[in-house]
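The values are calculated or read from the model by the stated rules, or taken from the named source; none is laboratory data. Keep in mind it's a predicted model, so treat the numbers as computed, not measured. When we count neighbours, we look across all protein chains shown, and the Cβ atoms used for this are built from the backbone with ideal geometry, even at glycine. To get the accessible areas, we keep the full protein, side chains included, count just its heavy atoms, and leave off ligands, DNA and RNA. Shrake-Rupley method; radii C 1.70, N 1.55, O 1.52, S 1.80 Å.
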Amino acid sequence: GWRVDMADKVVQQMGEKRVFLREATGLVREMKWYDALFMNFLNMSIGIGVAWVILWGPGIYPGANVPWGIIIAVVGCMFGMFCFATLTAAMPRSGGDYVFVSRALHPSLGFMSNWMWVVWNVVWCAVLGTWVVTWGLRDTLGTVGVVSNNAQMISWAADLTKPSHPVTLAISFIVVILSGVMLALGLKIYLRVQTVCAIVGLIML
């Protein structure tokens, strides 16, 4: 009768639509596997990590056992990695701080967690802007100046060592503005920029 027909229609619609329990939230993954890979690659800052292990670490802590330090750090990091891997496997359709915390604990805690993540990323963006000057422009000028015996480049590098130098403030400001513009243009634009940055970083590494 009509009940059988209605049941058939429901089953057919479910098969076509692939009903998901949380479909009403509209939270769906938009990143491909390599986008996630590149994001983690850039966030880990492998180049800076290599520099710490080879150059800065032994220089700041002479006599330290670098291999054991790396092993201890890896063991500690495994707990966080396991936590995020488990949450991602449990909630494969969507992810991130808000989704994980709101579903595991409470939506208000998820909102607070994600809001603080946004705020601190704005601060972190400014910090990265200063790194563009110090670990990027300053070190490049200093290295090229020493290799080519160019006194002018060495002088510029010495000037950029000062935190109050106007170039540091200007470039940091530009980095923050460009980051905001990039994010305002949408996720697709960001992912394209991220891919280019990751490829350039891999080549430089």
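Taking all protein chains into account, the per residue accessible area for the chain stands at 75 Å² (1.4 Å probe). Structural descriptor for the chain: relative contact order 19 percent, calculated from alpha carbon pairs under 8 angstrom and at least 6 residues apart.
With charges set only on the Cβ (+1 for Lys and Arg, -1 for Asp and Glu), what does the dipole of region 31-165 come to about its Cα centre, in debye to the nearest 20?
On the way: 5 positive and 4 negative charges, 43 e Å.
Here region 31-165 has a charge dipole of around 200 debye.
The mean sequence separation of alpha-carbon pairs under 8 Å and at least six residues apart, normalised by the residue count of region 66-134, gives a relative contact order of 15 percent. Taking a Cβ cut-off of under 13 Å around residue 133, the surrounding Lys, Arg, Asp and Glu residues balance to a net charge of 0, with basic ones at +1 and acidic ones at -1.
Find how much the distance from residue 161 to residue 109 grows on full extension, using 0.36 nm per residue of separation minus their present alpha carbon separation; answer in nm with one decimal.
Numbers: separation 52, 0.36 × 52 = 18.72 nm, distance 4.11 nm.
Full extension of this stretch gives 14.6 nm more.
The candidate values are (i) 32, 20, 13; (ii) 46, 22, 16; (iii) 36, 17, 15; the one derived from this structure for semi-axes √(5λ) of the Cα gyration tensor in Å carries the label (ii).
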